[in-house]
Amino acid sequence: MKKAIKRLCIAGLTSAASMNIICAGIFINAFGRKREKRVFMQSSRKRTDAPYEKIFLTSYDGLKLFGRLFVPEAAKKNPDAPTIILCIHGYHSDGLGDFAPFIPFYTDHGNILCLVDDRAHGQSSGHFIGFGYHDRFDCLTWVNYLVRRFGGNCRIFLHGISMGGATVLSCCDARRLPPQVKGIISDCAYSSGWEQIAHVLQARIHLPAFLLLPVFNKICQAVGGYDLKRISPIRHVRHSRVPILFIHGDSDHFVPTTMVYKLYHACHCKKQLLIVQGAGHALSYQKEPKTYEKAVLAFIARCLS
């Protein structure tokens, strides 16, 4: 009996150690800093060299945050109430990586464009991805900078893709959200950090989420400084202070399309939903640029009317 109990204890300890090793490896690979992936639309590459100003800010916890500010001539001629688009990119990308195609679209319509690099991405500092938790505070830091820079009459829209979409949605009910923020554009955001990681573990890595996720979350808390259960855009949209345009591709298998419906139905403020047929993850603009632009321009016009 004693030998059997000893074997069981050894097996249990071995299993626990194995799960910790597996989860630590997944965390480092998933949330550790990596070289960014940039997938530019061919038609927009020639526009990524548009002149911009480099901006450096300090995050609430002391990290260097980097951004690119594009100010078109049309905005310079009408400085009293400029419209500014603050763009928050997705997982393992950077400001240009996700938003280079949008530079001509937004600036040709006279909008000031601010493309930021999230912590642990691009030219911003940090060793581990914030997964929307720390990034929501960084987003508010950028918003407050833009208000100081362009004055109280400026009109700001937050545009996020993927993890950036989850980030901007997590700001929508913030008490510190300045009144200058007039609307949010969320492209392929996940509804919950916990559910998103569970989906990736099961569908992409083919591992049992119900066993690994609690261990993985403890590593997130200890190393990343956040609890996946507290990354909950769906909770924030229930109390949004600004209108939201939700966008998602119906062929998105990384962030399931079901998540945008959860977000949309949970939202009680003014809202719109655009489902792009045949678009994979973060590819809605590339799939249907005219439809996307029409929806965004109409949304901005309604928010400002």
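The values are calculated or read from the model by the stated rules, or taken from the named source; none is laboratory data. As the structure is a prediction and not an experimental result, all values here were calculated from the model. So basically every Cβ, Gly included, is an ideal-geometry build from the backbone, and we count neighbours across all protein chains shown. In case anyone asks, the SASA skips ligands and DNA or RNA and just uses the protein heavy atoms, side chains included. Shrake-Rupley method; radii C 1.70, N 1.55, O 1.52, S 1.80 Å.
See the values below:
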item: Acute angle (nearest 10 degrees) that the helix 133-150 long axis makes with the longest principal axis of the chain, alpha-carbon atoms; result: 20 degrees
item: Reach of residue 218 by Cα under 19 Å, taken over aspartates and glutamates that are not fewer than 8 positions away in the same chain; result: 195, 227
item: Computed label-point distance, nm, for sites residue 229 and residue 29 using a 7 Å Cα→Cβ extension; result: 2.7 nm
item: Pairs from 34/64; 182/270; 77/270; 77/182 whose Cα-Cα separation, in the structure shown, is over 20 Å; result: 77/270; 77/182
item: Rounded tilt (10° steps) of 209-219 against the dominant C-alpha axis of the chain; result: 70 degrees
item: Those trypsin sites (Lys or Arg not before Pro) in region 110-211 that DSSP places in a loop and that have at most 14 other beta carbons within 10 Å; result: 175, 176
item: Region 208-305, dipole about Cα centre (Lys/Arg Cβ +1, Asp/Glu Cβ -1), debye to the nearest 20; result: 420 debye
item: Which of 132, 27, 289, positive extreme of dipole for the chain (C-beta unit charges); result: 27
item: Rounded percent of accessible protein surface that carbon and sulfur make up, region 105-255, 1.4 Å probe; result: 52 percent
item: Helix 2-31 vs. the chain, principal-axis angle (Cα, 0 to 90°, nearest 10); result: 20 degrees
item: Part-to-part distance (alpha-carbon centres) for region 235-305 and region 91-126, which is given in Å; result: 19 Å
item: Aspartates and glutamates with Cα under 12 Å of residue 54, excluding same-chain neighbours fewer than 8 positions away; result: 117
item: Surface accessible to a 1.4 Å probe, per residue, for the residues of region 78-214, Å²; result: 30 Å²
item: Simple spin-label estimate for residue 176 and residue 239 in nanometres, 7 Å along Cα-Cβ; result: 1.6 nm
item: Estimated 222 nm signal from helices in the chain, with DSSP H stretches of n ≥ 4 weighted -39500 (n - 2.57), rounded to 500; result: -12000 deg cm²/dmol
